[in-house]
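Asker: Handing you a structure now.
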Amino acid sequence: MDEKFLQIKQEWLDRCVRCGSCKNVCPVFNATREEPSVSRGKISLIDMIQKGYGKLDREAAFLFKKCTTCLRCQEICAMDIPYEEIILKAREAATAKFGLFPQEKAITTILKNEKLFDSAGSFSRLSYLLFKPSKSPQNAVSKFPVPGKGATVIPAIKEGKFNYKDRNFPAKAERKGKLIYFPGCIFSRAYTDTSKNIIKVLNHLGYDIFISSKTVCCGAPSLHAGDTKSFEELKNKNLKILNEIEADGIVTGCATCCHNLKHNYKKLNKPVFQFLEILEQNIETIRQWEVKEPLKVTWHHPCHIVRGQNIPKDVPRKIFESINGITYIEMKESDNCCGMGGSFKMIYPGISDKIQIRKISNIMATDADAVITECPGCIMNIAEGLEKVNSSMPCNHTADILAKCIKTTY
Ligand code: SF4
Ligand code: SF4
């Protein structure tokens with residue numbers, strides 16, 4: 001028996017009655033039709049290892065990563081099994097024994113090392129040889145199809161970070177409070193226009209925004225890879241900075257950052273908000289906003305918003321329907337995972353592609369002008385899927401649309 005596994009409460013595992021409800025909703029099971037893909041299979045495997053009937057070997061470690069952590073199984077499970085906690089602890093044990101997968105090592109090393117991130121930014125300036133601008137702004141698509149895969153989309157990495165120094169952005173409407181904008185790693189280095197738009201919208205809703213140069217990656221990629229030590233280092237750096245700043249709360253435009261800050265930063269001394277939540281609180285102001293040209297939008301629910309944070313599914317509809325000129329079209333399976341799942345896409349590209357194709361066909365069926373979401377990983381993955389089918393539809397962040405609708409006279 002592996003000592004590490006004693007940290008998973010046996011009572012959690014014993015709750016599984018093998019009903020199979022999780023099979024019906026698991027995107028990975030849907031793509032593979034293999035029992036070990038779904039939470040029931042993983043819980044069974046962990047139970048066997050914990051009881052000494054199975055081994056924590058490389059195959060088991062590989063299976064623990066065969067999951068996008070979309071939380072569909074946790075949502076549907078009548079036995080209230082905390083699947084996310086179970087799988088993260090299992091990954092921690094597997095990583096302690098076998099180390100990170102090369103794909104995870106590459107991502108987590110760059111995300112926690114500012115100098116390496118700078119180098120990635122410099123390197124990306126050379127990428128024009130292989131990439132061209134995508135129809136989804138702030139992304140780049142491969143000029144040549146990758147064999148067996150088609151188009152590949154990457155976020156266009158900026159040379160410097162968005163929060164290169166401490167800055168204040170004063171409210172541009174009747175003042176409602178002060179929020180710290182937490183960009184995380186991606187909105188600091190890649191989707192920086194979105195960071196600008198988030199701040200612009202919040203200023204026009206009446207919030208003073210402060211951004212600190214010292215915040216770092218929230219640590220979610222390390223946590224999900226099972227590298228708890230790196231996660232704790234990043235978390236403690238952020239906690240110290242965020243707790244020292246006087247503000248009414250913290251806001252982020254990244255679903256994964258927000259889920260992570262809300263659930264794993266227990267010592268934070270102020271509330272955390274998803275950008276979407278601040279919009280909902282200010283819906284009466286947003287009702288006065290309008291788009292210049294009529295726009296049909298559809299919405300993809302990031303797993304870490306709809307299940308990770310339990311933000312109700314009707315919130316995006318309420319926000320977009322309140323803006324004059326916007327038509328909201330519900331897509332089928334709007335809360336299904338897009339197939340990204342952090343490093344899952346790199347470890348299991350074939351399964352990820354199958355999940356992505358299903359999401360893209362649901363998006364295309366809406367005939368919307370744009371698909372909107374609020375997670376950088378989803379934006380990149382959906383942008384790639386749209387490029388693969390030669391669609392002219394862009395994938396945007398909520399703030400990129402809202403920033404175009406602001407009514408500037410109050
Ligand atoms: S839904 Fe819950 S109880 Fe049913 S098989 Fe899945 S994990 Fe077990
Ligand atoms: S979290 Fe999602 S991908 Fe992972 S086992 Fe559950 S339903 Fe399947």
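The values are calculated or read from the model by the stated rules, or taken from the named source; none is laboratory data. As the structure is a prediction and not an experimental result, all values here were calculated from the model. Here the Cβ is made from the backbone with ideal geometry for all residues, glycine too, and neighbour counts use every protein chain on show.
Asker: Evaluate the range 121-132: report whether one residue or more is away from ligand 2 (no atom under 16 Å from the Cβ), touching a residue at least 60 places away in the same chain (Cβ under 8 Å) and part of a helix (DSSP H, G or I).
Answerer: yes
Asker: Does the range 372-390 hold any residues that are crowded, with 24+ Cβ neighbours inside 10 Å and in a loop (DSSP other than H, G, I, E, B), and which are they?
Answerer: Residues satisfying the conditions are GLU374, CYS375.
Asker: Now a separate question. Please go through the range 74-89 and pick out each residue that is within 14 Å of ligand 1 (Cβ to nearest atom), in a helix (DSSP H, G or I) and not β-branched (Val, Ile, Thr).
Answerer: GLN74, GLU75, TYR83, GLU84, GLU85
Asker: Can you find a residue in the range 355-369 that is without any contact (Cβ under 8 Å) to a residue 40 or more places away in the chain and under 23 Å from HIS263 (Cβ atoms)?
Answerer: no
Asker: Kindly indicate which of PHE62, PHE29 is buried (at least 22 other Cβ atoms within 10 Å of the Cβ) and of a type in the set (Phe, Trp, Tyr).
Answerer: Criteria check complete, one pass: PHE29.
Asker: In the range 240-349, which helices (runs of 4 or more DSSP H) lie fully inside it and hold 2 or more residues that are away from ligand 1 (no atom under 16 Å from the Cβ) and under 30 Å from VAL25 (Cα atoms)?
Answerer: 255-264, 275-281, 303-306, 315-321, 344-347
Asker: Then there is this: Among the helices (runs of 4 or more DSSP H) lying completely within the range 8-73, list those that include at least 1 residues that are within 15 Å of ligand 1 (Cβ to nearest atom) and among the basic types (Lys, Arg).
Answerer: 21-25, 39-50
Asker: Just to be sure I understand, how many residues within the range 9-27 are within 15 Å of ligand 2 (Cβ to nearest atom) and free of Cβ contacts under 8 Å to residues at least 40 places away in the same chain?
Answerer: Qualifying residue count for the region: 3.
Listed here are the residues, each with its yes/no results for (1) within 13 Å of ligand 2 (Cβ to nearest atom); (2) within 20 Å of PHE344 (Cα to Cα); (3) in the same structural domain as GLN356 (by TED's automatic domain parsing).
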{"residue": "PHE29", "(1), (2), (3)": "yes, yes, no"}
{"residue": "ILE43", "(1), (2), (3)": "yes, yes, no"}
{"residue": "ASP47", "(1), (2), (3)": "no, no, no"}
{"residue": "CYS70", "(1), (2), (3)": "yes, yes, no"}
{"residue": "ILE87", "(1), (2), (3)": "yes, yes, no"}
{"residue": "ALA94", "(1), (2), (3)": "no, yes, no"}
{"residue": "ALA106", "(1), (2), (3)": "no, yes, no"}
{"residue": "LYS112", "(1), (2), (3)": "no, yes, no"}
